[in-house]
């Protein structure tokens, strides 16, 4: 897929700062075992990274020293058949709540589909059922309400979930979230009073106000954009099939990581300080890994 040139990526109000400069250097590349294809990432206070492994039902943890282990397993149903991909299970987004609870989006094509909670030392428990016909992908947490948002790549929707009651409501739906021929709504974050969603097929980044109202496309032409994160108001995004990580700002996009840094189908991004963590699913070649790199973010404090 060819990248279109981005013109103005903002509406009237400027929400992004200038894009980051290229990466200084990859500080570490942690190889993962065959089959451990990471889909999403959540960071722990001690510097560990929690990863969802797409097809195995496993949640892994990479320690600051680079040791890889499995901290939880969600049972793979024998009759699982995730729509379109036809796997028995898909683990999507993962977020960490204060206190250490992890929340993971699980798709099976069966009634086991939903949002699961993993408490430290405990077994995974489903806290909310989600549509089996959907593909539950990115997960984000609203720090204000504690509610969770799940991007449904096939259902053209964002679900709002109360982890306390299990209540599920449709937060957003429609064409801005819809796929063209594959995957629509994908990555998701809560930032600056809004829910931000990437649409992989459309190569867009969409902003929905938390208080309600229509969504607005803030960036186009990003290519097959998967998950993303924020450094201040700069977006750092994984462009999956093109093996790139880019920043998005008022001057357009800048490629900051590529195959030269070890990327192999980047699926998710997390940022802490000036360190960027990238999960590489290696769905179309290469080897799965977790990449850590240091970026110089121009204009960001």
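Here, each number is a calculation from the coordinates, and none is a lab measurement. Values in this document were obtained by computation on a predicted structure and should not be read as measured data. Please note: Cβ atoms are built from the backbone with ideal geometry, for glycine as well, and neighbour counts cover all protein chains shown.
Observations, loosely collected:
- Separation of alpha-carbon centers, segment 180-196 and segment 72-87, rounded to whole Å: 23
- Extending 7 Å from the Cα toward the beta-carbon at both residue 142 and residue 43 defines two label points whose distance is 2.4 nm.
- Within the chain, DSSP assigns beta bridges of which about 100% are antiparallel (rounded to the nearest 5).
- 88, 189 arranged by Cβ crowding within 10 Å, fewest neighbours leading: 88, 189
- Dimensions in Å of the chain - Rg and Dmax from alpha carbons: 17.5, 51
- If you plug the beta carbon distance of residue 133 and residue 275 into 1/(1 + (r/R0)^6) with R0 = 41 Å, you get a FRET efficiency near 0.60.
- Estimated FRET transfer efficiency (residue 78, residue 111; beta-carbon r; R0 22 Å; 0.05): 0.95
- Counting DSSP beta bridges with both ends in segment 117-270, the antiparallel % (nearest 5): 100
- Full-stretch length increase - residue 287, residue 165 - with 0.36 nm per residue and alpha-carbon distance subtracted: 39.9 nm
- Pairwise centroid distance, computed over Cα atoms, of segment 231-252 with segment 102-164, Å: 25
- Normalised per residue, the volume of the convex hull around the Cα set of segment 171-242 (Å³): 76
- One chain, two ends: residue 296 and residue 97. Fully extended at 0.36 nm per residue, the span grows by 68.8 nm beyond their Cα-Cα distance.
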